[in-house]
Amino acid sequence: MTPAIVSWSETVSREALGDRVAAAAGRLRSLGVRERHRVGLWAENSVEWIVIALAVARVGGVLVPLNTRLADAEINWQVARARLRVVIAGDALAARAVCAARLVSLAEWRTLASVNAEAAAGQDDPAREAAIVFTSGTTGRPKGAVLTRGNQLAAARASCAVLPLAPGDRWLASLPFFHVGGMGIVERCLLSGACVVLPASFAADELGRSVEEQAVTHLSVVDATLRRLLEARGGKGMPARVRAAVVGGGPVSPALLEACPQALASYGLTESCAMATLVRPGAAPAQRRTAGQALPGIELRIAADGVIELRGPTVMRGYLDDAEATRAAIVDGWLRTGDLGELDADGSLRVLSRRDDLIISGGENVYPAEIEHALREHPQVADAVVIGIADGKWGEVPLAFVQLRSPGEPDMRAFLAPRLARYKLPRVVFVAEIPRLANGKPDRAALKT
């Protein structure tokens, strides 16, 4: 039988996956989950994650994937914001306090009785609210991008139109499923009959082992991950059977493009249901140094102010309970990404700058405003500004300039640890004064010199 999922511990056929999803849907019913109810899934990548996500869709619910790296305060805020009915969590995560929802550990989940659960009639209705994925915002608070079933299907079809998949192909799930890019891997494999390969971890040696031992043909990575993967392989390139290594989360270095002929740069965001552009396989060297052309069905343009704008069936419905932010983000059907770019003569996109002040650290979006807000909660902090600085391992890391109210050097990382995810914790430099421009805004350019 053709496998649907291969992990380090088990292989699941498409038939077995269907049976497990039906049983999981019954467990959701026993928890009181019905159509349009929101279900949080707070767990590491696993076969069970995929099964539960598909079961939520089967009962007509709304999946809310939660970042396993967030601090308690962050996760509690998202649970409350999304008004979740239930959160299914990994056992270690379930030991932490989460407010405003019933918390079910995976250990408890496996003991639940499965009641009869027919598939919801409208589970594949394109207009159905299918997922809410939280993404960082420039105000420092995450926003929930509401994605419809139509968005998900359109994104999977657009990807497969450029990178055709078939039974026998295997896509390495080298991104966490709580990211829209990770969810996209599952969607396109299910659509095409390809197999999802789950590595034991995201460590470079484990990813490399999966590529070698699990006959991987496709993978999704960020620049830093691909670089570490190639280093773990002793400088050897990818096996010839690997047809595409889709690279997102920021620019791809020319050296990496040369070291990995299968590397195909892409551009996208949560609000566009992952990839919106992709370098085509076999593209000329000049094209490979761009973020590629728009995927089929997606329109791409550069607005008068230089902002990249997208339109098409993959664009989100809007932001959760935030009409003002939705109106600012989607204007006459065009999604204003906030990123600056330009188009080559052949329609290839060059991303000139990510969102204002955005830091891309190991593929994770880190907004300075969120860290600055947390820093200013410290009673000794008078002011704070955060910028991104280059880092050989992660690409960029946050650096905080902190102005104190009185002499001393408090342990700011210890203060921030319970408030921010670990990848957001900045290096800290104490300064006598934060430089500012004439308009009162911090002079970030001066801080970067």
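The set of residues in segment 286-302 being open to solvent by 20 Å² or more (accessible area, probe 1.4 Å), part of a loop (DSSP other than H, G, I, E, B) and either free of Cβ contacts under 8 Å to residues at least 12 places away in the same chain or more than 17 Å from residue 159 (Cβ to Cβ) (or both) consists of 289 alone.
Among the residues of segment 1-34, those identified as open to solvent by less than 30 Å² (accessible area, probe 1.4 Å) and over 26 Å from the mean Cα position of the chain (by Cα) are 13, 26, 31, 32. Within segment 196-240, the set of residues being in contact with a Leu (Cβ under 9 Å, 6 or more places away or on another chain), among the hydrophobic types (A, V, I, L, M, F, W, C) and touching a residue at least 40 places away in the same chain (Cβ under 8 Å) comprises 196, 197, 198, 216, 219, 221, 222. Residues that are touching a Leu at 6+ places or on another chain (Cβ under 7 Å), free of Cβ contacts under 8 Å to residues at least 40 places away in the same chain and open to solvent by 10 Å² or more (accessible area, probe 1.4 Å) were ranked within segment 178-195; the one that is nearest to residue 16 (Cα to Cα) is 192. The set of residues in segment 331-354 being hydroxyl-bearing (Ser, Thr, Tyr) and modelled with pLDDT of 85 or more consists of 337, 348.
The values are calculated or read from the model by the stated rules, or taken from the named source; none is laboratory data. As the structure is a prediction and not an experimental result, all values here were calculated from the model. So basically every Cβ, Gly included, is an ideal-geometry build from the backbone, and we count neighbours across all protein chains shown. Surface areas here come from the heavy atoms of the whole protein model, side chains and all, with no ligands, DNA or RNA. Shrake-Rupley method; radii C 1.70, N 1.55, O 1.52, S 1.80 Å.
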